[in-house]
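Read the structure below first, then the notes.
The values are calculated or read from the model by the stated rules, or taken from the named source; none is laboratory data. A quick note: this is a predicted structure, and the numbers were derived from the prediction, not measured. FYI the Cβ positions are ideal-geometry reconstructions off the backbone, even for glycines, and counts take in every protein chain you see.
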Amino acid sequence: MKMPVKLVLSAIVFSGLLIFSLLAAALPVLAQEQDKVELKIQLPKPMFIGTPRNIKTPNLEAVTGKPRGPFFVPKGTELVSLKKPVTSSDPQPVIGELSYVTDGEKSGEDGYFVELGPGPQWVQVDLKAPYLIQAIVVWHYHSQARVYRDVIVQVSEDKDFVNGVVTLFNNDHDNSSGLGAGRDKEYIETNEGKLIDGKGTRARYVRLWSNGNTANDMNHYVEVEVYALPVK
Amino acid sequence: MKKKAFAYLFVLLLAAALFVRLYRLDLRPMHHDEANQAYKFGQLLEKGEYRYDPADHHGPTLYYFSLPFAWLSGQKTYAALTENTLRGVAVFFGLLLLLVLLTSGKYLKTGEKSWAAVFLGLSPPLVYFSRFYIQESLFVAFGLAFVIFLWRFFRKPDYKEATWLGISAGLLYATKETSLIVLATSILALVVVWFLSWGRSNSRKRSSHKSESKGSQKEVLAEIKKVALPLALAIFLFLVISFLFYSSFFRHPQGFLDSFRAFSGYGQKAFEPGWHRHGFWYYFSLLFYHKGSGHSPVFSEIPFLLLALAGVVLSFARMRRKSAENFRGYLALFSLFTALVYSVIPYKTPWNMLIFWAGFLILAGAGFVYVLEIIKIRQAKIILAGALLFWAGWQAYLVNFYFHAYPGNPYVYAQTSPDFLRLVGRVEELSQVAEEGKNMFIRVIAPPEETWPLPWYLRKYTQVGYWTSSEQVESLEPAEVVIMSAGEAGKRSEPEMESYSTQYFSLRPEVLLVLAVRWDLWESYKLRKISSSR
């Protein structure tokens, strides 16, 4: 049985067009991906070896026990929070000093974390200039398996967080902090910290909320790192 | 000190001891063991059922002595019970310990008894475990009673003393089978003291009246005859009381024999203790110096350890030919032997040290009286006594009211986290939203060590099911609320878990539970919360 020549030719032409269109659509994306590099984060020594709990639920993050996968950021992204000034809703911490939040020390041992009072509390990092924020990594306390409640991460160009506030992360499921209910997942603290996608949001200030934890009512920060691109 | 003044002082001490034991008695979340004991008692209260379990839970006195407390509180069911009612039992026996001290009579000076009562009344670990619904406060009260009555019987072996000895021994054994250690170490201490005082007495006699040795042998025989019948009464009472309790008052006679069979199990546990294994110096390290992480305060019983040491040294230095004066030496030997045995056994929990620590605190009372005697300046005495009271009070406050459930506290052991009460509170709030209220269906999926004290806190809910592993549960539905250990939650499938909103809560340090709430109930809960906040 002879194949209709026209049909074969049409199929070839159609396939060719389809492949060409797909390539044309993908090329900019690929080019964009080529401009991205893996974010390198220096991790502190792990302080506990927990049994991995791979909980598959919409609002609890799985702990696989394996290293976090790579996170890509645009070329030129750098750590912009190191040694930057920190303010807080609790200006007189119970333990440590607010400067610990951006001092570059991420050890889970005693003497490396700042403890804020009970209830909803925030720390705020002033990056000293607007940046395009790519990633925020936060270590609350990682020498024990614990979960910090109502973690909310916001960025803004307004130091009072009244105007132009963008919420990048919110796992306050029942709105107990009063900033609106979030749908992000609760997670167990580890030495990897929690990486939050900055989505290239333009901001000068980063504010991080928490509301106690599963071990006690206090709020802790070992380190906060903000990776960003300068605004051109 | 005059008798009347001592009586007033003692009543004042009792009132202070009662206050520190009763104040905010329900502050600390129920411990795994407390909840377990509460459940056992609930069965006795509701159904009149109790059967001794040789594998676990120790003896029955705790449950039977809890009955009047529940009746007086008008609580007739497990669900109706409260923390205050149950812990009230421990408080009562914690106070009884102070009264037991009075039975030492002339063998301790009034000043020694007074200071010993202060130390026993305010001692942070003794107060802590007098607010804890386990056997320990009964065990210490009966244990110390036995130690004192044994001495009294030794000094005056008549039927009256024998009766008290038998009753205290029976109650002690019916509280914990492992009281054999206390029975053995107190008898050993008595034998050693007798031998030491007899040796001194004999060496004097040998030097002056060698010819009287035959006469003394006859005296000993006569003494033995005089002791035999009262001793038989004491043993009889010990057996009767033990039998009554272990046999559930004749319902299960097998229980009495089982209490002896339990020794092999407890022996195995003592030397294969799993994660309860601790080193030889564990107990003394808790008492000596303990500091939690961060800015945790120092917990230390150093002043009392030093005073106890002074008391022990004095007791031995003052060991007399006349054994009537050797009660302190006997108590010192008992405390040292008991501490040694408990320290050698690898299985250790903080509450096991109470029995010998109570002995040392009485010796600390004797030691402090001696210290006050050698200080000649009145103001210095007042300052020293004030400083000691301040330290005891401060430590008692830290241990029992400020760090009552935090791991920095040396006596906190596998304690339920305060965060767990948030889970309990959340379930309560959910039940107020759920159509079925307290009849909503709750599943608990967790191994036993991650389940307790949930059965205590969920005792008022009528539809609660317990599964020890996820494999036993085909589907989480139709449960509106599911509480799972993190390990068991990890075994559920993603699509199934999508029907639930989930949140972590801490059961104990490093142990997390997952509370899963069906989305429809969760949304109703959120709506209610929003409307109530407006």
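Residue pairs, Cβ under 9 Å, 6 or more apart or interchain, first in segment A:184-201 and away from chain B (no Cβ under 13 Å) and over 24 Å from B:E510 (Cβ atoms), second aromatic (F, W, Y) and not in a strand (DSSP E or B). List them. Here the result reads A:D197/A:F71, each pair linking segment A:184-201 to a residue that is aromatic (F, W, Y) and not in a strand (DSSP E or B).
One line per residue, one yes/no per condition, for (1) out of contact with any His (no Cβ under 6 Å at 6 or more places or on another chain); (2) within 14 Å of chain B (Cβ to nearest Cβ); (3) not hydrophobic (A, V, I, L, M, F, W, C):
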| residue | (1), (2), (3) |
| --- | --- |
| A:E61 | yes, yes, yes |
| A:P67 | yes, no, yes |
| A:L79 | yes, no, no |
| A:V101 | yes, no, no |
| A:D126 | yes, no, yes |
| A:W139 | yes, no, no |
| A:H142 | yes, yes, yes |
| A:K159 | yes, no, yes |
| A:N163 | yes, no, yes |
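Residues in segment B:405-413 include at least one that is out of contact with any helix residue (DSSP H, G or I) (no Cβ under 7 Å at 6 or more places or on another chain), crowded, with 19+ Cβ neighbours inside 10 Å and not β-branched (V, I, T).
Screening B:S469 against (1) away from every other protein chain (no Cβ under 14 Å); (2) over 40 Å from the mean Cα position of the chain (by Cα); (3) more than 30 Å from B:Q75 (Cβ to Cβ) leaves a single unmet condition, (2). The sole residue among B:A70, B:A90 that is within 18 Å of the chain's Cα centre (by Cα) and crowded, with 19+ Cβ neighbours inside 10 Å is B:A90.
Does segment A:106-117 contain any residue that is touching a residue at least 40 places away in the same chain (Cβ under 8 Å), acidic (D, E), touching a strand residue (DSSP E or B) at 6+ places or on another chain (Cβ under 9 Å) and more than 13 Å from chain B (Cβ to nearest Cβ)? For segment A:106-117, residues touching a residue at least 40 places away in the same chain (Cβ under 8 Å), acidic (D, E), touching a strand residue (DSSP E or B) at 6+ places or on another chain (Cβ under 9 Å) and more than 13 Å from chain B (Cβ to nearest Cβ): absent. The condition (being within 30 Å of B:L363 (Cα to Cα) and at pLDDT 95 or above) is satisfied by just one residue among B:G59, B:G94, B:G42: B:G94. Residue check: B:T451 meets all listed conditions (1) at pLDDT below 95; (2) closer than 17 Å to B:F505 by Cα; (3) over 31 Å from the mean Cα position of the chain (by Cα) but one, namely (3). Within segment A:165-183, the set of residues being aliphatic (A, V, I, L, M) and more than 14 Å from chain B (Cβ to nearest Cβ) comprises A:V165, A:V166, A:L168. Any chance segment B:486-499 includes a residue that's in contact with an Asp or Glu (Cβ under 8 Å, 6 or more places away or on another chain), over 25 Å from A:A215 (Cα atoms) and more than 14 Å from chain A (Cβ to nearest Cβ)? No, segment B:486-499 has no match at all. Residues that are surrounded by fewer than 22 Cβ atoms within 10 Å (Cβ to Cβ) and more than 11 Å from chain B (Cβ to nearest Cβ) within segment A:212-231 comprise A:L229, A:P230, A:V231, listed in sequence order.
Pick from segment B:294-311 the residues that are assigned to a loop (DSSP other than H, G, I, E, B) and surrounded by 14 or more Cβ atoms within 10 Å (Cβ to Cβ): which of them is nearest to the other protein chains (Cβ to nearest Cβ)?
First, pick out the residues of segment B:294-311 that are assigned to a loop (DSSP other than H, G, I, E, B): B:294-297, B:300-301.
Okay, now just the ones that are also surrounded by 14 or more Cβ atoms within 10 Å (Cβ to Cβ), so B:294, B:296-297, B:300-301.
Details: B:G294: 5, B:S296: 10, B:P297: 13, B:S300: 19, B:E301: 24 Å.
Among them, the one singled out is B:G294.
Does B:I355 fit the bill of being surrounded by fewer than 15 Cβ atoms within 10 Å (Cβ to Cβ), part of a helix (DSSP H, G or I) and β-branched (V, I, T)? It would help to see each step written out before you state the result.
Details: surrounded by fewer than 15 Cβ atoms within 10 Å (Cβ to Cβ): no; part of a helix (DSSP H, G or I): yes; β-branched (V, I, T): yes.
For B:I355, the condition - surrounded by fewer than 15 Cβ atoms within 10 Å (Cβ to Cβ), part of a helix (DSSP H, G or I) and β-branched (V, I, T) - is not met.
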